[in-house]
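A short worksheet on the structure shown next.
The values are calculated or read from the model by the stated rules, or taken from the named source; none is laboratory data. Just so it is clear, the model here is predicted, and its values are computed rather than measured. Ideal geometry is used to build each Cβ from the backbone, glycine not excepted, and the neighbour counts take in all protein chains shown.
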C-alpha cells in the first residue's frame, strides 16, 4: 500500500481499533490458483504475539483455503471514507480528493481443522455479533449432529500478524482551518459514511490544531 508520510498510521492499538470496528474484511492471497480474495468476518486477538492474530473461517467448498497455507496472506480492513470537495477549502484552486482509512495486515495462515477449535471460532464470532440481542443465538441451540455437519463444512483460519500497515488519509496535508471545514461539511452530510468519516477525523486529526 502506498503510504505518504503525512498519512502513515503506526500505533498498533489504534490500528486494532480500526480492524475491530470494520471486521468484515477482505482476505487476499496469491498461490497456485492465482490471486484470490474472500470476504469474511474476523476476530482480532490483540494479545497474541506482538501484532495480534486474525481469526476467521471460510467454507470448505471455497478453494481459497488450499492456497492459504502455502504463502503470505494479506487481510484488508476498510474504515470510513468519503469524497472531499475543493469547495470546502479556503483556496478554491485545488482539486477533489477522497479521504479514507485503511489497514493491511500480513502473515502466514494456519488452517484449523480440529472440531473443538472450529466450534470455538464460530461461538466467538456469533457471540460478538449477537451481543446486543435479548436472546443471543448460540450453537448450543442446535442438535449436535447438525453442529458436527456445520463444522465439517468450514475451515478455520488463524493469521499471526507479522506486519501492520495503516493509512489514514484525513486531510493532514491541508491547514487546520481546511481540516475543520472538511469535518464540518462531512458532518452536515446526510450520508452515514460521511458522518462516520467526520467523527474519525475529529478524533484523529483535530488535536493537530492545538500542536
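Points to keep in mind about this one:
- Residue in segment 113-134 that is crowded, with 16+ Cβ neighbours inside 10 Å, touching a strand residue (DSSP E or B) at 6+ places or on another chain (Cβ under 8 Å) and within 30 Å of residue 84 (Cα to Cα) present: no
- Filtered residue count, segment 1-40, keeping only those that are touching a strand residue (DSSP E or B) at 6+ places or on another chain (Cβ under 9 Å) and surrounded by 14 or more Cβ atoms within 10 Å (Cβ to Cβ): 21
- Conditions (1) at pLDDT 95 or above; (2) in contact with a strand residue (DSSP E or B) (Cβ under 7 Å, 6 or more places away or on another chain); number of the one not met by residue 71: (1)
- Only one entry of 148, 153 meets the criterion of being more than 28 Å from residue 51 (Cβ to Cβ) and touching a strand residue (DSSP E or B) at 6+ places or on another chain (Cβ under 7 Å), and that entry is 153.
- Residue tally, condition in contact with a helix residue (DSSP H, G or I) (Cβ under 8 Å, 6 or more places away or on another chain) and surrounded by fewer than 21 Cβ atoms within 10 Å (Cβ to Cβ), over segment 165-183: 8
- Selection of strands (runs of 3 or more DSSP E) fully inside segment 36-85 by the criterion of at least 1 residues being under 30 Å from residue 178 (Cα atoms) returns 72-84.
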